[in-house]
Amino acid sequence: MLRSVAATGMLLALLSACAASSARPKSVVALPNGYYLQPNAKLQTQIVKRQGGKVVPGPIAAYAVSGQVVAGALGEPPPESRGYTNDLPFKGNADTRYFVLDTTSGKLDSNLDSAGWQQRLGALGVPQNLRIYAPLRWQ
C-alpha cells in the first residue's frame, strides 16, 4: 500500500513538472479574417496569418482596425507611447512608412507615404478621421 502511494505521488510530481516546463503559448491579438498581431523573437509587434507566415514582419509602430481593414505605421513605437501605450494617437513624420491590409482579399500595401496611405484608405472606404495607436507592450 505504501509503495503504491509513493509511486502515485512520484507520478503526479513528474506530470506536474512536465506541465510546468512546457512552452507557454504565444500571446496574440485577433484581427479580422484570421490575422493576428503577435510578438516576434524581439517582442516587436508583427502581423501573421492564421495558417502561418508573416504578413507584416514588423516592427509595427501603430495600428488600427476599421471594419475588415488593418492600417498602421511601420517602425518602432515612439518613446512617448511607452509610458502611456495605446493612449496617445500616433503622429508620423515625413519619413514614416505606412501599411494597409485588406483582410478580406489579403491584399497588403506597404511602405506607403502619408499621401499614398490616405488614398488607399479612402479607396477602401475607411473614414478619414482614422487614428492609429501604438500596440500594447508584450509581456
- Task: Search the stretch 101-112 for residues that are closer than 16 Å to GLY67 by Cβ and pair each with any residue that is at pLDDT 95 or above and in a loop (DSSP other than H, G, I, E, B) when their beta-carbon atoms are under 8 Å apart and the residues are at least 6 apart or on different chains.
- Result: ASP102/GLN68; ASP102/LEU124; THR103/LEU31; THR103/GLN68; THR104/GLN68
- Item | Filter result for the condition that a residue is touching a residue at least 60 places away in the same chain (Cβ under 8 Å), surrounded by fewer than 18 Cβ atoms within 10 Å (Cβ to Cβ) and out of contact with any Phe, Trp or Tyr (no Cβ under 6 Å at 6 or more places or on another chain), over PRO32, PRO57 | PRO32
- Item | Restricting the stretch 63-84 to residues that are at pLDDT 90 or above and either hydroxyl-bearing (Ser, Thr, Tyr) or in contact with a Ser or Thr (Cβ under 8 Å, 6 or more places away or on another chain) (or both), the residue that is surrounded by the fewest Cβ atoms within 10 Å (Cβ to Cβ) | SER66
- Note on the structure: Conditions (1) touching a Lys or Arg at 6+ places or on another chain (Cβ under 9 Å); (2) over 14 Å from ILE132 (Cα atoms); (3) assigned to a strand (DSSP E or B); (4) aliphatic (A, V, I, L, M) -> LEU37 fails only (1)
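The values are calculated or read from the model by the stated rules, or taken from the named source; none is laboratory data. Note that the coordinates shown come from a computational prediction; the quantities given were computed from them, not determined experimentally. Glycine gets a Cβ as well: all are built from the backbone with ideal geometry, and neighbour counts include every protein chain shown.
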